[in-house]
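Student: This is the structure I have questions about; it appears just below.
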Amino acid sequence: MKETNAIEVRNITKKFKIYYDKGNTLKEKTLFRKRRAYEERNVLNGISFDVEKGKAIGLIGHNGCGKSTTLKLLSKIMYPDSGSIEMKGRVSSLIELGAGFHPDMSGRENIYINASIFGLTKKEINNRLEDIIAFSELEEYIDNPVRTYSSGMYMRLAFAVAINVDADILLIDEILAVGDANFQAKCYNRLREIKASGVTVVLVTHDTGVVERFCDQALWINEGTAVASGKSVEVVDAYLRFMNKEKITQLEKEEKRRKEKEEKLKKEKEEKLKKEKEEAQKNKTEEELLQEQAADMNVKHFGTGAAVIRKAELLDKDRKETKLLRAGEDYFISFDYERKKTGEELVFGMGIYTLENVWIFGTNTMLGKVKVPVSDKEGRVVFHGKELSLLTGEYILQVSITDLNGTPVDFYREYCKFNVVNDKRDAGLVCLPNEWET
């Protein structure tokens, strides 16, 4: 190993046998040999990385990519099938908080049990006992049985024990969501102190913000393979761009399934309504039919009916229909309309809302100083949006036709929902142009 390194991992691989139906008893294993069929799954394929002394590395990736398996190999809970792992110094693992806690014993007694599992002597535990209790903020309850603790109190006590162990290398697996916001802040501050004292930290987490703020470097694992390694900010950016592409693919699949389901339901509904109308139409007067039409008017779709939107489409930069837009690109909204009578001036409008009905943006042809020909019985109006600045999320599109007085002619409050994917991770609803200077 290099003198400056605390951890060196070289080309480690790990396979697991996934049994379809494994017999447990000798009788089952003898009589039902076919039950022992299994498949081998490669969890890690040649992972390599180095961590210098006193540095922190974050392991990131989607669920099942091999992050926790890597951590377990480092902690020697299991061993690699091939490759090598070398580490210098005492290793402490914050993987399963509270391992060894006895529910009928008090918090104080469990501190001794848990700390001894980490390798501390009774004398060392005695010297740190008050610090552990103070850090957990459980002074009033420390002599009560652990079974009387809430889940948050239980985890706080376990974390307080684990964090007070002297270690050269600290392995942490998704256990930092402990207690309330103030206690979490205290945990991170304590980890920073530990890191500043020269302890090497390996952190597995889905919180990319923590990786950026706390870790010096990051390793992105995807399907058991190291995709990127280097400065935490650069690796996290690459990972989030990849996850955005994955999200786009998933949303496209969901949109396809939704359309197929809608078409099927629409056909079934039309057939059902047709039968019901045929049966009911025979006995209804004209006045009753008019009342029924008024009752069917949806509060999300209304208007005088002097003109109708035959079809409105959300289009991407290539003018292809979509329900998924990319931030920073142009987009279009087309209105195919038909007038019931010519001669009246119409105003076409659009609006974008959040799912909580917060109005983000809206405009119309009158504000855009565009007049729609009054003599055309039918036509198309297109709104051209430039360099979409919305942040990642799901939104509602509103489309409308009104007259010059603002009276709704054909108004859709929620015409459709659409998604936006943005590589930037600013907070809020829109990404305003900005830069920082010092």
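Student: If you take every DSSP beta bridge fully contained in the range 114-260, what fraction is antiparallel? Give it as a percent rounded to 5.
Tutor: Values: 6 of 11 bridges.
So the antiparallel bridges amount to about 55 percent of the total.
Student: Follow-up question, since we're still on this one. Straight-line reach only, C-alpha to C-alpha below 19 angstrom: list the lysines that Lys377 could link to, leaving out same-chain residues fewer than 8 apart.
Tutor: Output for Lys377: Lys311, Lys340, Lys341.
Student: Have a look at Gly406, Gly100, Gly89 and tell me which one the Gaussian network model of the chain (Cα, springs below 10 Å) gives the largest fluctuation.
Tutor: Gly406
Student: Using amide H atoms built 1.01 Å from N in the peptide plane, name the residues 5+ places from Leu59, or on other chains, whose amide H lies under 5 Å from its own.
Tutor: Leu203, Val204, Thr205, Leu219
Student: Here is a further query. So who's got an amide H within less than 5 Å of the one on Val430, skipping anything under 5 residues away but keeping other chains? H placed 1.01 Å off N, in plane.
Tutor: Those lying under 5 Å, H to H, from Val430 are Leu391.
Student: Also, I was wondering about something else. Residue by residue through the range 56-71, what is 3J(HN,Hα) from phi via Karplus (6.51 cos²θ - 1.76 cosθ + 1.60, θ = phi - 60°)? Round to whole Hz and write x for glycine and proline.
Tutor: 10, 10, x, 9, 10, x, 6, 4, x, 7, x, 5, 5, 4, 4, 5
Student: Here is a further query. So how do 369-382, 48-61 stack up, highest first, on mean other-Cβ count within 10 Å? Mind showing how you got there, number by number?
Tutor: Numbers: 369-382: 11.9, 48-61: 20.9.
Peptide ranking by packing, descending: 48-61, 369-382.
Student: A follow-up question, please. Based on the Cβ-Cβ distance from Asp376 to Trp436, what FRET efficiency comes out when R0 is 51 Å, to the nearest 0.05? Show your work: numbers first, answer last.
Tutor: Details: r = 51 Å, r/R0 = 0.99.
For R0 = 51 Å, the calculated efficiency reads 0.50.
Student: How much accessible area does Ile47 have with a 1.4 Å probe, in Å² rounded to the nearest 10?
Tutor: Counting only protein heavy atoms, Ile47 exposes about 0 Å² to solvent.
Student: Can you give me the % of accessible surface on the range 316-360 that is carbon or sulfur? Probe 1.4 Å, all protein chains present, nothing else counted. If you can, show how the numbers build up before the last one.
Tutor: On the way: 960 of 2300 Å².
It is 42 percent, rounded to a whole number.
Student: So if we plug the beta-carbon distance of Lys275 and Leu355 into 1/(1 + (r/R0)^6) with R0 = 41 Å, what FRET efficiency do we get, rounded to 0.05? Let's see the in-between values first.
Tutor: Working: r = 35 Å, r/R0 = 0.86.
Approximately 0.70, to the nearest 0.05.
Student: If a paramagnetic tag sat 7 Å from the Cα of Asn45 along the Cα-Cβ line, which residues of the range 209-249 would have the backbone N under 16 Å from that point?
Tutor: So the set is 220-228.
Student: Oh, and also: From a point 7 Å beyond the Cα of Lys88 in the direction of its Cβ, which residues of the range 208-245 have a backbone N at a distance under 12 Å?
Tutor: none
Student: Using a Cα-Cα cut-off of under 16 Å, which aspartates and glutamates could be cross-linked to Lys15, ignoring same-chain neighbours fewer than 8 residues away?
Tutor: Glu39, Glu40, Asp81, Glu223
Student: Between Glu321 and Ile113, how high is the FRET efficiency from 1/(1 + (r/R0)^6) when r is the Cβ-Cβ distance and R₀ = 56 Å? Nearest 0.05.
Tutor: On the way: r = 63 Å, r/R0 = 1.13.
Between Glu321 and Ile113 the formula returns 0.35.
Student: Using modelled amide H (1.01 Å from N, peptide plane; none on Pro or chain starts), what sits under 5 Å from the amide H of Ser93, excluding residues fewer than 5 places away?
Tutor: For Ser93, the qualifying residues are Leu171.
Student: Considering only Gly368, Phe383, Asn405, whose Cα is most displaced toward the positive end of the charge dipole of the range 296-438, charges sitting on Cβ of Lys, Arg (+1) and Asp, Glu (-1)?
Tutor: Of the options given, the answer is Asn405.
Student: Excluding same-chain residues fewer than 8 positions from Lys300, which aspartates and glutamates have a Cα within less than 12 Å of its Cα?
Tutor: List returned: Asp410, Glu414.
Student: What is the spin-label model distance, in nm, from Ala427 to Thr225 if the labels are put 7 Å beyond Cα along the C-beta direction?
Tutor: Distance between label points: 3.7 nm.
Student: Using 7 Å Cα-to-Cβ label points, what is the Asp168/Gln184 separation (nm, one decimal)?
Tutor: Each label point lies 7 Å from its Cα, and together they span 3.4 nm.
Student: Starting from 0.36 nm per residue, how many nanometres of slack lie between Gln250 and Lys17 once their C-alpha separation is accounted for? Mind showing how you got there, number by number?
Tutor: Details: separation 233, 0.36 × 233 = 83.88 nm, distance 2.91 nm.
This chain segment gains 81.0 nm when fully extended.
Student: Report, in listed order, any pair from Lys317/Lys424; Lys245/Lys267; Lys247/Lys424; Lys67/Lys253 with a Cα-Cα distance greater than 24 Å.
Tutor: Numbers: Lys317/Lys424 19 Å; Lys245/Lys267 33 Å; Lys247/Lys424 15 Å; Lys67/Lys253 27 Å.
Over 24 Å apart, Cα to Cα: Lys245/Lys267; Lys67/Lys253.
Student: Taking the chain as a Gaussian network, where each spring joins two C-alpha atoms under 10 Å apart, which residue of Lys275, Lys195, Lys27 fluctuates the most?
Tutor: Lys27
Student: Could you give the accessible area per residue of the range 109-201, probe 1.4 Å, as a whole number in Å²?
Tutor: Numbers: 4410 Å² over 93 residues.
For the range 109-201, the per-residue accessible area is 47 Å².
Student: Also, quick follow-up: Sorting Arg241, Arg90 by accessible area (1.4 Å probe), largest first, what list results? Mind showing how you got there, number by number?
Tutor: Details: Arg241 115, Arg90 85 Å².
Listed by decreasing accessible area, they come as Arg241, Arg90.
Student: Run lengths n ≥ 4 of DSSP H only: what is the helix-derived mean residue ellipticity at 222 nm for the chain, with -39500 (n - 2.57) per run over all residues, to the nearest 500?
Tutor: On the way: 9 runs with 136 residues, N = 438.
After summing the helix terms and dividing by the residues of the chain, the value is -10000 deg cm²/dmol.
Student: Identify, among Trp359, Ala312, Ile396, the residue whose Cα sits farthest towards the positive end of the charge dipole of the range 299-438, taking +1 on the Cβ of Lys and Arg and -1 on the Cβ of Asp and Glu, with the dipole about the Cα centre.
Tutor: Working it through, the farthest residue towards the positive pole turns out to be Ala312.
Student: If you build a Gaussian network model of the chain, linking Cα atoms that sit under 10 Å apart, which residue out of Leu138, Leu44, Leu391 swings the most?
Tutor: Ranking Leu138, Leu44, Leu391 by mean-square fluctuation puts Leu138 first.
Student: Below 8 Å, C-alpha to C-alpha, sequence gap of six or more: please give me the relative contact order for the chain in percent. Each step should come with its number before you reach the end.
Tutor: Values: 771 pairs, mean separation 57.0, N = 438.
In percent, rounded to a whole number, it is 13.
Student: Can I ask one more? For the range 400-407, in order, what is each residue's ³J(HN,Hα) by Karplus, 6.51 cos²θ - 1.76 cosθ + 1.60 with θ = phi - 60°, in whole Hz (x at glycine and Pro)?
Tutor: These are the phi-based 3J(HN,Hα) values: 7, 10, 10, 8, 5, 8, x, 6 Hz.
Student: Which whole-Hz couplings ³J(HN,Hα) result when phi for each residue of the range 182-187 is put into the Karplus expression 6.51 cos²θ - 1.76 cosθ + 1.60, θ = phi - 60°, listed in order with x for Gly and Pro?
Tutor: 5, 5, 4, 4, 5, 4
The values are calculated or read from the model by the stated rules, or taken from the named source; none is laboratory data. Values in this document were obtained by computation on a predicted structure and should not be read as measured data. So basically every Cβ, Gly included, is an ideal-geometry build from the backbone, and we count neighbours across all protein chains shown. Note: accessible area is taken over every heavy atom of the protein model, side chains too, but ligands, DNA and RNA are not part of it. Shrake-Rupley method; radii C 1.70, N 1.55, O 1.52, S 1.80 Å.
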